[in-house]
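Below is one structure; the comments refer to it alone.
The values are calculated or read from the model by the stated rules, or taken from the named source; none is laboratory data. Please read all numbers here as calculations on a predicted model, not as lab measurements. Neighbour counts run over all protein chains shown; Cβ positions are idealised from the backbone, glycine included.
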């Protein structure tokens, strides 16, 4: 069995990487915690436009400098890298400025809200020889890594279809809809597991709380070889669900991220067509049911694995798993889905450019 992503991360040297965290709302404090705990990094400054959020950081990390102007972080010559955890509509502007100031970047998903801006960030990072990592955090999840190896091994057989549910009651965004906020995770997972792009995508969404901002979205991604993926994303739902089901020709798999103890199950179930030579029928459908296997998967905080990977990319020249080019593929799918969403759910071709 191949080593996991976490196991292959090498030990960094003792030179600290000084990180500036921009955005101290939902995810920012977690980034501050992790980069402060890791032995080879520290958070030297953090930024948020809301001074009350900085006040909360001050209580726990009084030694970290605080500012309400992100340019203060970028102009600080002691800052090696910045972590951008701000609303999605601000990602492009802040990331572009950070690259121009020569900073390495770890930015929350989505990298940008359109392909052209995302492509500009990728090209700017190349020109400046800076590391650009996008926070598609589920690709650093030990269970998703396990699933990737399981599919590659052929044990599941041919993948027929996938469906995912990502729902809950909030947090409710004001800048993007549930598709850009939640379904981005599932799209990145599907592209990673299948290692290919969908041909077409369709999306239907509905706005109940805010005009023009869909609270619930249903997407269908059509991949080559008749593989289809259905995604249900909503922040207006009574239950928090984070579940992915994969149906293959040999076995089936369920990944339930809200189950702390048995989040991955392999079901030895399937169906097949058996040819017959009777007078009454030419084939017979056979359904097979077998055991349920719960593999042991290491429990590692995905966000921590992502941060460790980011530091290794800086220090060891590792190619980022969630690099800009890979993130552009996710945005291409989202752009096509957004076009479908605004046109009544029509099927839209995913154009790779």
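What the table below lists for this structure:
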| item | result |
| --- | --- |
| Single residue of region 82-93 satisfying the filter (surrounded by 23 or more Cβ atoms within 10 Å (Cβ to Cβ) and touching a helix residue (DSSP H, G or I) at 6+ places or on another chain (Cβ under 8 Å)) that is farthest from residue 335 (Cα to Cα) | 82 |
| Residues (surrounded by fewer than 23 Cβ atoms within 10 Å (Cβ to Cβ), touching a strand residue (DSSP E or B) at 6+ places or on another chain (Cβ under 6 Å) and outside any helix (DSSP H, G or I)) located in region 316-343 | 320 |
| Some residue of region 123-135 being crowded, with 21+ Cβ neighbours inside 10 Å, within 17 Å of the chain's Cα centre (by Cα), at pLDDT 95 or above and over 30 Å from residue 80 (Cβ atoms) | no |
| Residue ID - surrounded by the most Cβ atoms within 10 Å (Cβ to Cβ), chosen from residues in region 226-242 that are in contact with a helix residue (DSSP H, G or I) (Cβ under 8 Å, 6 or more places away or on another chain) and closer than 25 Å to residue 347 by Cβ | 233 |
| Members of region 161-215 found to be in a helix (DSSP H, G or I) and more than 12 Å from residue 232 (Cβ to Cβ), listed by number | 180, 181, 184, 185, 187, 188, 189, 190, 191, 192, 193, 194 |
| Any chance residue 284 is modelled with pLDDT under 95, in a strand (DSSP E or B) and loosely packed, with under 13 Cβ neighbours inside 10 Å | yes |
| Top-ranked residue in region 183-225 [being loosely packed, with under 14 Cβ neighbours inside 10 Å and closer than 24 Å to residue 145 by Cα; ranked as farthest from the chain's Cα centre (by Cα)] | 225 |
